[in-house]
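Read the structure below first, then the notes.
The values are calculated or read from the model by the stated rules, or taken from the named source; none is laboratory data. Quick caveat: nothing in here was measured; it's all calculated off a predicted structure. Backbone-built Cβ (ideal geometry, glycine too); neighbour counts: all protein chains shown.
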Amino acid sequence: MQIEAIYDLGDLFSEVQLQQVFPDGKTFPDCLPKYPLQDIYEKYLHERNLPSFDIKDFVKENFALPHIYASNYKTDITESVQKHIEHLWDVLTRMPGNEQSSLIPLPNPYIVPGGRFGEIYYWDSYFTMLGLQVSRRVEMIQNTADNFSYLIDKIGYIPNGNRVYFKGRSQPPFYSLVIQLLREEKGSDILVKYLPQLEKEYNFWMRGHDSLDEHNKARDRVVCMPDGALLNRYWDEHDTPRPESYREDIELAHQAGKNPQEIYRHLRAAAESGWDFSSRWFKHGNSFESIHTTDIIPVDLNCLLFFLEQTLGEACKFAGRKQESSSYYSLAARRKAAIQQYCWNEDEQFYTDYDHKEGVKRKNITLAGMFPLFFGMATIEQAERASVVLHMQLLKHGGCVTTAETSGQQWDSPNGWAPLQYITVKALEQYGMLSLAAEIAKRWINLNIKVYKATGKLMEKYNVVDTHLLAGGGEYPSQDGFGWTNGVLLKLMRMYDIKG
């Protein structure tokens, strides 16, 4: 038994997590071992059957708690929300380090989502960068691009976050948007500089595509559609419980009564989507046990990969690689046509996901359907129809709900999330629907400011249906942050010249 991380500790890890030695399943994987892990495990095997053995005492003796990052920062709610966010950038900054924990060390300082975190998260960081740009923190934008490039070179892709237990999955591929944002600050030479990493990112998402045929329709993150087009899905290299959510995953697999490995893969794939969890990934209504993420072709994922292909085409053009540039642009055009074929849902008048196992377009109305508009892929007529559905089904008092379903999952109604508000506002602006875009932005800004004035906090997500509530319940206690809320709020307030 090779023990490289705490989650490799077999029965010891399982016992700690299942007995909830720590209320938060993420705590134990992030602990620091006081002794070599092999020695700790052998000691556990020797002592666990003794009458005096106590698992909590054993953990306390052999592990140190993770570093507590929560600062003593106190919000001054007499300050504007803009000034509050400016102060928070330093609170949310983490410095490079080499502590012997689950952290994957990064070469440059980085911004975390909230005060309790020690790690970055992939797609969060792009939306945080929008605010850094407003704040003119260009060096931190550069740091983010360089840290992600380092991870691509070191691991082969950008993991969910810089923790060892996140290896095996990524998150929505916003790297090309990160590089394009840096390009806005430093010019088009940036595209050539980061071209090797852009290509590695693309190769990660397309790995295995050349082995697909009519008998082998899917591999890793790539699916061969009935007409031969290639589209992508979310995936994870592992089919085991997530270390940071070990107990919850085992309990769900038990309730589902299915092959546990299959459930674990779907759970991990949903975690790669960033939408963990949502009825979007369920086969039957609000039944968590029916999760089937890897069967689904997500519209937003494929729009992001379309943009990556376009960015690669542009970068190769600047690099003088004309033939490769043409090839990437052709790939983008083919993907766009496939998204139109498989994800435009004429019955729903909206872009939806596609179930490649069942061969049907999904009926779920979600803000993921705004990504084709964000990237300018929809026709004017499609955009107009989608805006009507958005207005009727997703627009609420505080902004837009994530989906039209109320399931109890955090990526469903009544919750609204900052990144999807920004995508939606910019998507509508692309097609000249300025009034609706402004209405959504202003409702969201007003809700954010209202909650800030009442609590001194900016939240991970908000209840946009009942705006009298102070947040949309979540996994984390209120803390100083939240990174992408900060970034999107600053960006939207700048776009609409609103003071807070």
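Y126 is checked against (1) touching a helix residue (DSSP H, G or I) at 6+ places or on another chain (Cβ under 6 Å); (2) under 21 Å from A418 (Cβ atoms); (3) not in a helix (DSSP H, G or I) and fails just one. What number does that condition carry?
All conditions are met except number (3).
Are any of the residues in the stretch 394-403 assigned to a helix (DSSP H, G or I), more than 21 Å from Q133 (Cβ to Cβ) and under 24 Å from the mean Cα position of the chain (by Cα)?
yes
Check the stretch 375-397 and report whether any residue there is in contact with a Ser or Thr (Cβ under 6 Å, 6 or more places away or on another chain) and on the phi < 0 side of the Ramachandran plot.
Among the residues of the stretch 375-397, at least one is in contact with a Ser or Thr (Cβ under 6 Å, 6 or more places away or on another chain) and on the phi < 0 side of the Ramachandran plot, which makes the answer yes.
I need a count of the residues in the stretch 206-229 that are touching a helix residue (DSSP H, G or I) at 6+ places or on another chain (Cβ under 6 Å) and crowded, with 18+ Cβ neighbours inside 10 Å.
The number of residues fulfilling the criteria is 2.
In the stretch 138-166, what residues are charged (D, E, K, R) and either free of Cβ contacts under 8 Å to residues at least 12 places away in the same chain or surrounded by fewer than 20 Cβ atoms within 10 Å (Cβ to Cβ) (or both)?
Hits for the stretch 138-166 are E139, D146, D153, K154.
Which members of the stretch 212-240 meet the condition of being touching a Lys or Arg at 6+ places or on another chain (Cβ under 8 Å) and either assigned to a loop (DSSP other than H, G, I, E, B) or modelled with pLDDT under 95 (or both)?
Within the stretch 212-240, L212, D220, R221, A229, R233, Y234, W235, D236, E237, H238, D239 meet the criteria.
Yes/no matrix, rows are residues, columns are (1) free of Cβ contacts under 8 Å to residues at least 60 places away in the same chain; (2) assigned to a loop (DSSP other than H, G, I, E, B); (3) closer than 20 Å to L130 by Cα; (4) hydrophobic (A, V, I, L, M, F, W, C):
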{"position": "Q410", "(1), (2), (3), (4)": "no, yes, no, no"}
{"position": "P419", "(1), (2), (3), (4)": "no, no, yes, no"}
{"position": "Y422", "(1), (2), (3), (4)": "no, no, yes, no"}
{"position": "L436", "(1), (2), (3), (4)": "yes, no, no, yes"}
{"position": "I445", "(1), (2), (3), (4)": "yes, no, yes, yes"}
{"position": "N448", "(1), (2), (3), (4)": "no, no, yes, no"}
{"position": "A454", "(1), (2), (3), (4)": "yes, no, no, yes"}
{"position": "N486", "(1), (2), (3), (4)": "no, no, yes, no"}
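Can you name the condition, by its number, that Y202 falls short on among (1) crowded, with 23+ Cβ neighbours inside 10 Å; (2) within 26 Å of R233 (Cβ to Cβ); (3) not hydrophobic (A, V, I, L, M, F, W, C)?
(1)
Checking R443 against (1) farther than 30 Å from G376 by Cβ; (2) under 25 Å from the mean Cα position of the chain (by Cα): exactly one of these is not met. Which one?
Against the list (1) farther than 30 Å from G376 by Cβ; (2) under 25 Å from the mean Cα position of the chain (by Cα), R443 comes up short only on (1).
Only residues that are under 20 Å from Y175 (Cα atoms), without any contact (Cβ under 8 Å) to a residue 60 or more places away in the chain and buried (at least 18 other Cβ atoms within 10 Å of the Cβ): list them for the stretch 318-349, please.
S325, Y328, L331, A332, K336
Does any residue of the stretch 308-315 turn out to be at negative phi, free of Cβ contacts under 8 Å to residues at least 40 places away in the same chain, surrounded by fewer than 20 Cβ atoms within 10 Å (Cβ to Cβ) and over 23 Å from the mean Cα position of the chain (by Cα)?
No.
If I filter the stretch 1-36 down to residues being of a type in the set (A, V, I, L, M) and under 13 Å from A64 (Cα atoms), which single residue comes out as farthest from the chain's Cα centre (by Cα)?
Residue satisfying both the conditions and the ranking: L32.
Cβ-Cβ distance below 6 Å, separation of 6 or more or different chains: which pairs start in the stretch 278-297 with a residue that is closer than 14 Å to I263 by Cα and in contact (Cβ under 8 Å) with a residue 60 or more places away in the chain and end on one that is among the aliphatic types (A, V, I, L, M) and surrounded by 16 or more Cβ atoms within 10 Å (Cβ to Cβ)?
Note: pairs meeting the criteria are F282/I291; T293/A269; T293/A270; T294/A269.
Considering only residues that are hydrophobic (A, V, I, L, M, F, W, C), over 16 Å from Q100 (Cβ atoms) and part of a helix (DSSP H, G or I), which ones fall in the stretch 8-48?
L12, F13, V16, L18, L45
If I go through the stretch 49-71 residue by residue, how many of them are outside any helix (DSSP H, G or I) and either of a type in the set (V, I, T) or under 28 Å from the mean Cα position of the chain (by Cα) (or both)?
7
Which one is surrounded by the most Cβ atoms within 10 Å (Cβ to Cβ), of the residues in the stretch 364-389 that are among the aliphatic types (A, V, I, L, M) and without any contact (Cβ under 8 Å) to a residue 40 or more places away in the chain?
So the residue we want is A386.
Of all residues being of a type outside the set (G, A, S), more than 17 Å from G376 (Cα to Cα) and assigned to a helix (DSSP H, G or I) in the stretch 275-305, which is farthest from the chain's Cα centre (by Cα)? Just the residue, please.
E289
Condition test on D249, is it in contact with a Pro (Cβ under 6 Å, 6 or more places away or on another chain) and at pLDDT 95 or above?
yes
Against the condition surrounded by fewer than 14 Cβ atoms within 10 Å (Cβ to Cβ) and closer than 30 Å to Y150 by Cβ, how does P113 come out, does it pass?
For P113, the condition - surrounded by fewer than 14 Cβ atoms within 10 Å (Cβ to Cβ) and closer than 30 Å to Y150 by Cβ - is not met.
Here is a check on your reading of the model: is A253 closer than 29 Å to P29 by Cβ and small (G, A, S)?
yes
Against the condition in a strand (DSSP E or B) and at pLDDT 95 or above, how does L308 come out, does it pass?
no
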